[in-house]
1. Kindly indicate whether A:Glu131 is among the acidic types (Asp, Glu) and modelled with pLDDT of 95 or more.
2. Suppose the filter is in contact with an Asp or Glu (Cβ under 7 Å, 6 or more places away or on another chain), within 14 Å of chain A (Cβ to nearest Cβ), within 29 Å of B:Arg213 (Cα to Cα) and surrounded by 19 or more Cβ atoms within 10 Å (Cβ to Cβ); does B:Thr89 pass it?
3. Could you please find all residues in region B:349-398 being in contact (Cβ under 8 Å) with a residue 24 or more places away in the chain and of a type in the set (Phe, Trp, Tyr)?
4. Of the conditions (1) surrounded by 16 or more Cβ atoms within 10 Å (Cβ to Cβ); (2) over 30 Å from B:Asn107 (Cβ atoms); (3) among the basic types (Lys, Arg), B:Lys253 clears all except one; give me its number.
5. Considering only region B:146-154, I want to know if a residue exists there that is free of Cβ contacts under 8 Å to residues at least 24 places away in the same chain, assigned by TED's automatic domain parsing to the domain that holds B:Gly192, over 22 Å from B:Met54 (Cβ atoms) and aliphatic (A, V, I, L, M).
6. Scan region B:34-55 and tell me whether some residue there is among the aromatic types (Phe, Trp, Tyr), under 21 Å from B:His180 (Cα atoms) and free of Cβ contacts under 8 Å to residues at least 60 places away in the same chain.
Amino acid sequence: MSAEKMTAPSINPINPGSLAPVKSIVLGNGIPVHIIEGGTEDVMRIEFILRAGTVMENIPLQASSTNMMLTEGSEKYSSEEIKALLDGYGVFYQLSAERDSAGLIIYLLNRHAEKAIELIAEILFNSMFPEKEFVIMMKKRLRRFMISREKVQTLASEKFFETIFGNNHPYGKMVSENDFEALNTDHLKNFYASYYTPANLSVIVSGKINENIQEIMDKYLGSKLPGTPLQAGNESDFQKCPQKRIHVPKKGALQSAIRIGSATINKRHPDYPGLKVLNTILGGYFGSRLMKNIREEKGYTYGIRSVAASLNLSGYKIISAEVDNQSVREAIAEIYREISKLQKEPVAYDELELVRNYMAGEMVRMFDGPFSMAESFRAIWEFNLEADYYRKLAHTVRTITPDELLHLANKYYNIDELYEIVAG
Amino acid sequence: MIDFVKFSLRNGLRILVHEDRSTPLSALNLLYGVGSRDEDPEMTGIAHLLEHLMFCGTENVPVFDRPLQMAGGENNAFTNNDITNYYLTVPADNIETGFWLESDRMNGINFSRDALDVQKKVVIEEFKQRYLNQPYGDSQLLLRPLAYTTHHYKWPTIGKSISHIESIEPEHARDFFYRHYAPGNAILTVSGNISPDRVFKLADKWFGPLEKRTTRPQVIPAEPFQTEERNLIVERDVPVDALYKAWHICGRKEDDFFTFDLLSDLLAGGESGRLHSKLVRDKNLFSDINAYISSDIDPGLLVIHGKLMKGVTITEAEENVRMVVDELKSGIISDEEMEKVKNRFESSHVISNTSILNKAMNISYYELLGNPGLINLEVERYRAVSREMVRDAAIKYLNNNNSSTLHYLSKNRN
């Protein structure tokens, strides 16, 4: 028998699975710790989350610089010692400051858990912000900033967020070269004192959990004074830019970066799961309409994608691609054509079936193993949503109708309200 | 311990299975022993372009991704100097779709001009996006031909130039495919929620009927021993000067490989690495500096690259890098430092092997190197590296006459 003659295997229905039960405990000083057990190796992932994102800052770079300085010196240890200890225990760590939150994630072998957690507690609550390290860090950051200004991707994305959220809101504020000069260690110390407190910290632990994890956490994190509860962040309103189409010039660029989208609903809105399905059809997977049209039929780009994302105060949708300079207008016209098709023609049964299965498969991957599970848990936890969110998402994926998608496309993809940024 | 079983089909396909019942998924990894090293120097980029064509459908499966997405799966591929690697994950009870798709495209693909023309455009945009329209993006296009005069590692996987990609015709793609793609030049690894017995049955059903095809690999000329240091200076429209320095090291199968991996971590593993602590933190000469080994099967490179701080001259930067490298030749490395790089390796090894897809990729790759059991011996081999071995490797390889240096300067320096 030759391979050509064989018929395709049948496909079994896909069970998207669900979030594993999360065990939540509270340390002596009130720090909540969420525990997700699983996996085969003696490894843990621990995420420390503080409501200390850019939304809380008074001046640009304050949140990210405070976060980056955590490993640069504490009461007990110098910058050099902190890094030697973290690396010495084989801890992989990643500091991050996003819009709504900041903190760090560590991956470690269980046998190093106690020492690593002791050190993390030290840097989270006893950081010193030494002047010398601060100056070096800001110089490094300025160099990186200058390099990033050479990328059309960065130029387009920054302008996009500025236009949809406004330059007055931390979600949309663009950083400029002067901001690096203006920042000093007092700004960081003040920010740290306000937001890096046990009262403002949550922890998510996942993996093959060390049996005395609670004891260790209590000893090093739970013994700190809780501090004052969370202060309100920046309450300024979003100010959308009146101009819808903006070109950011970049001399000598060989490709242009396109960003098209707008602010929209976030995860807390009942339409959100449906918007996710719509977004997937448009540009959320390799077989999406945008990929098929703009990459696989026309070859204008290496990749194009569409994302619907959630922030605490808003959501946004964004279509992004880097395209050949000569094809920018055609690519943009095709993007709008695909959007208006979604608004006029109901999605065909076959295509919808494909997207239902693809998304169910994505959900299986979201719940595969303790680390993915921890990320999926965080993604609802930070919006104060329950595991029910995923049941609703799975239900929507399974049952949404072409008519409902048509309705959503008209409600959320009004072309006149979309912003169009081109850098290049 | 990562358990696996291995068997082969009569057409030469090797199959390895690692069962892991803790996941609802299965991963399927199909490695072909062909990479950009196997290209004609006058038609580089074809191995990677062919990887793109492998997703353009066949007679039986007009749209490759569709059946897999229908089965809830996801897939991708990469090409490097030595291999082309295709991989997918899918809910375990739909794994058969993966066998069907991979065996179907191993049998033959669509070499139509239309498909090829679109993928050439896509790859050219990829070339621009990654190498030409990024600050410092072309450094790889410059450093390789400086370090290699002869061996095919002298061009990057994407290809030497856009004109090479433009010149590829359907018959070239077809010829390259039949020259290198065959059951006997492939290694299939399946991991996850599946038994070896079921994998054997599925492999036999789908790959068994494929003909044994003879591949025609070419002999790749060895890189001659370098005897003189090489330098290249370029000016580009970038905001900051950058330094790139490369030394020839041993091949992937030699014992020194593990030593070099640890050596690169001593230099640049984390922010406690020597380059960062001495040249970024203490002396403030670089804003970023990194070191890596290329991990190619034939003798590869150790590369150090960094971006200079304002006011630092490239000569001063380079001298300081050389000093840090030369210090390795003294063999003065504390116990803590040796222990640190070994702990870091062990952590990354264990963390990487929490994923069934990584395990499948690693098993395939070790099989290609000649022994899949290496996956379980790695930590031990790294643990066995001594400071004397680091010293000896540094003395043997990290000399000026074995180095290539690229000064990547800013046109409007500041």
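The values are calculated or read from the model by the stated rules, or taken from the named source; none is laboratory data. Values in this document were obtained by computation on a predicted structure and should not be read as measured data. Because the Cβ atoms are built from the backbone with ideal geometry, glycine has one as well, and the counts that use them run over all protein chains shown.
1. Judged against the criteria, A:Glu131 is a match.
2. yes
3. B:Tyr365, B:Tyr382, B:Tyr397
4. (1)
5. No, every residue in region B:146-154 fails to be free of Cβ contacts under 8 Å to residues at least 24 places away in the same chain, assigned by TED's automatic domain parsing to the domain that holds B:Gly192, over 22 Å from B:Met54 (Cβ atoms) and aliphatic (A, V, I, L, M).
6. Checked region B:34-55: at least one residue is among the aromatic types (Phe, Trp, Tyr), under 21 Å from B:His180 (Cα atoms) and free of Cβ contacts under 8 Å to residues at least 60 places away in the same chain.
A quick yes/no check of all residues on (1) surrounded by 17 or more Cβ atoms within 10 Å (Cβ to Cβ); (2) in contact (Cβ under 8 Å) with a residue 60 or more places away in the chain:
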position	(1), (2)
A:Val248	yes, yes
A:Leu282	yes, yes
A:Arg295	yes, no
A:Ile304	yes, no
A:Ser320	yes, yes
A:Ala331	yes, yes
A:Tyr349	no, no
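Here's the yes/no breakdown for (1) touching a helix residue (DSSP H, G or I) at 6+ places or on another chain (Cβ under 9 Å); (2) part of a helix (DSSP H, G or I):
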site	(1), (2)
A:Arg329	no, yes
A:Arg337	yes, yes
A:Val347	yes, no
A:Leu354	yes, yes
A:Gly361	yes, yes
A:Ile380	yes, yes
A:Leu385	yes, no
A:Leu405	yes, yes
A:Asn410	yes, yes
